[in-house]
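Notes follow once the structure below has been shown.
The values are calculated or read from the model by the stated rules, or taken from the named source; none is laboratory data. It should be emphasised that the depicted structure is a prediction, and the values quoted were computed from it without experimental measurement. As a convention, Cβ positions derive from the backbone with ideal geometry for all residues, glycine included, and neighbour counts pool all protein chains shown. Please note that ligands, DNA and RNA were not included when accessible areas were found on the heavy atoms of the full protein model with its side chains. Shrake-Rupley method; radii C 1.70, N 1.55, O 1.52, S 1.80 Å.
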Amino acid sequence: MKAKHLLFVCWLCCGVAAAFTACSQQASKGYTINGTADGTVDGDTVFLCDMQGLFAIMPVDTAIIKDGKFEFKGEIEGAAMRLLVPVHDGAPTCTQYFILENAAITAHLGVGDAPSNFECGPNGELFKEYMAGSDKLTEQMEEPYTTLGDSTADETAKKAAQQTIDSLQQLAKEYSRKFIIDHVPSAISDMLFAFNMQEFTEAEQEEILKLFGEKQPDYPNYKKIMAERKASESTAVGAQYTDIELPAPDGTMLRVSDFVAKNKFTLVDFWASWCGPCRAEMPTVVKAYTDYHKKGFEVVGVSLDNNKDAWVKAIDQLKMPWPQMSDLKGWECKGALDYNVRSIPANVLIDQQGNIIAKDLRGEDLLNKMAELLK
């Protein structure tokens, strides 16, 4: 399925059958999740998880089952998709999605594909309503998708099937856009816009962001999107660079500005030890450094690592002789946020006057650029 706004359904098709039974709750300063999980016993663990990317999950909290029940307490800004994963004898008994918000939430988790039931807050109810409409469109796509995958279907039938899918995907996008607009202000509108944003045209994005700015400016995804836009504008080619000050591996505080002032050109290189493409790209950066360092070229590495040992080990393995800095906060690295880095490897090339003259130079592009600047 191509449309991102239907990916919630794809998750369900990947073997996760989440059931949402929502009810309105009184306003709460935080959330409480009280639940039971079939197939578990006292002493078993239940994980509260967040999504990392499209399919990876990361535990953010744990609870131990006692007297057949588990409980989570905390606070969240807005509303977000989360997962509950109970574990018995080292294996998950199920993986269930739900909407986490500051409300009283109850959950009964079935085993495997068995039904699960959630009672949650008003945003959970809105999400249930959104999914009901989305499911109808998804169901209409099943037959044409089957035709596309049928090796015996003729080209005329396949062409008609693709046209039907394209039409339904356009309807699904418009359905999401209208649902978001119709439910402003709400945390669900904020969450759904962040998820579907890339499906909308620039004009559609601006329309929704303008409405958010007028009616729900304090919701987390809106604030993050606007901060990212500001960072992109302030760190675009032609702009003055933004300084970064972070610890080196030995704890000494380093500043990019110190290196910019001393060198004709400084490459701020965003990477991480766990990033395969970064490691593959590093020999090119090493070659650029080796060829041009004595001519006034410096590199400053900004790592998006969380683990110091892995970071330091990678610096040695990849033979990177240039200065390195990191606050070991992963994707929340202050330098990465300031430069709106959302994928790595990434880099910014700065001249001695502090002007950003290029971004995201990789492979031969980096070597050619340095040859051009430092003949």
| query | Considering only protein heavy atoms and a 1.4 Å probe, what is the carbon-and-sulfur percentage of the accessible area of the chain? | reply | 52 percent
| field | Over the chain, relative contact order from alpha-carbon pairs under 8 Å, at least 6 apart, % | value | 13 percent
| field | Mean Cβ count within 10 Å, highest first, over the residues of peptides 188-196, 91-99 | value | 188-196, 91-99
| remark: In segment 260-327 the DSSP beta bridges are antiparallel at a rate, in percent to nearest 5, of 0 percent
| Residues whose placed amide H lies under 5 Å from that of Tyr31, excluding near-sequence neighbours | Gly74, Glu75, Ile76, Ala103
| field | Dipole magnitude of segment 131-235 about its Cα centre (Cβ charges: Lys, Arg +1; Asp, Glu -1), debye to nearest 20 | value | 420 debye
| query | In Å², what does the accessible area per residue of segment 305-367 work out to with a 1.4 Å probe? | reply | 49 Å²
| query | What percent does the relative contact order of segment 144-221 come to when contacts are Cα pairs within less than 8 Å and at least six residues apart? | reply | 25 percent
| query | How do the peptides 59-65, 298-304 rank, highest first, by the average count of neighbouring beta carbon atoms within 10 Å per residue? | reply | 298-304, 59-65
| field | Separation of alpha-carbon centers, segment 103-137 and segment 290-309, rounded to whole Å | value | 47 Å
| Under a 1.4 Å probe, what is the accessible area of segment 59-187 per residue, stated in Å²? | 50 Å²
| Per residue Cα convex hull volume for segment 245-375, in cubic angstrom? | 95 Å³
| Under a straight-distance cross-link criterion of Cα-Cα below 20 Å, which aspartates and glutamates are reachable from Lys230, leaving out those fewer than 8 residues away in the same chain? | Asp190, Glu202, Glu204, Glu206, Glu207, Glu214, Asp218, Asp243, Glu245, Glu332, Asp338, Asp360
| request: Hey, could you get me the Stokes-Einstein D for segment 242-303, Kirkwood radius over alpha-carbon pairs, 10 °C and 1.306 mPa s, rounded to whole µm² s⁻¹? | output: 127 µm²/s
| Translational diffusion of segment 308-355, µm² s⁻¹ [Kirkwood Rh, Cα pairs; Stokes-Einstein; 25 °C; 0.890 mPa s] | 195 µm²/s
| Calculated from DSSP H runs of 4 or more alone, at -39500 (n - 2.57) each and per residue, what is the 222 nm mean residue ellipticity of the chain, nearest 500? | -13000 deg cm²/dmol
| query | Which angle from 0 to 90°, rounded to the nearest 10, does the C-alpha axis of helix 155-182 make with the longest principal axis of the chain? | reply | 90 degrees
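How much length is gained if the chain between Lys136 and Ile76 is pulled fully straight, taking 0.36 nm per residue apart and subtracting their Cα-Cα distance, in nm to one decimal?
Separation in residues times 0.36 nm, less the Cα-Cα distance, equals 18.5 nm.
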| message | Relative contact order for segment 77-161: what percent, with Cα pairs under 8 Å and sequence separation of 6 or more? | response | 18 percent
| task | Over every pair of different alpha-carbon atoms in segment 221-260, take the mean of 1/r and invert it; report that Kirkwood radius in Å. | result | 12.1 Å
| task | Largest first and in whole Å, give the semi-axes of the chain's equivalent ellipsoid, each being the square root of 5 times a Cα gyration tensor eigenvalue. | result | 43, 27, 22
| task | Over segment 190-266, give the accessible area per residue in Å² for a 1.4 Å probe, as an integer. | result | 54 Å²
| remark: Any residue on another chain or 5+ positions along whose placed amide H is under 5 Å from the amide H of His88 is listed here as Thr93
| How big is segment 96-196 on each of its three principal axes, counting only the C-alpha atoms and giving the largest first in Å? | 54, 37, 17
| message | Over segment 72-204, how many pairs of lysines fall under 18 Å by alpha carbon, counting only those 8 or more apart in sequence or from different chains? | response | 5
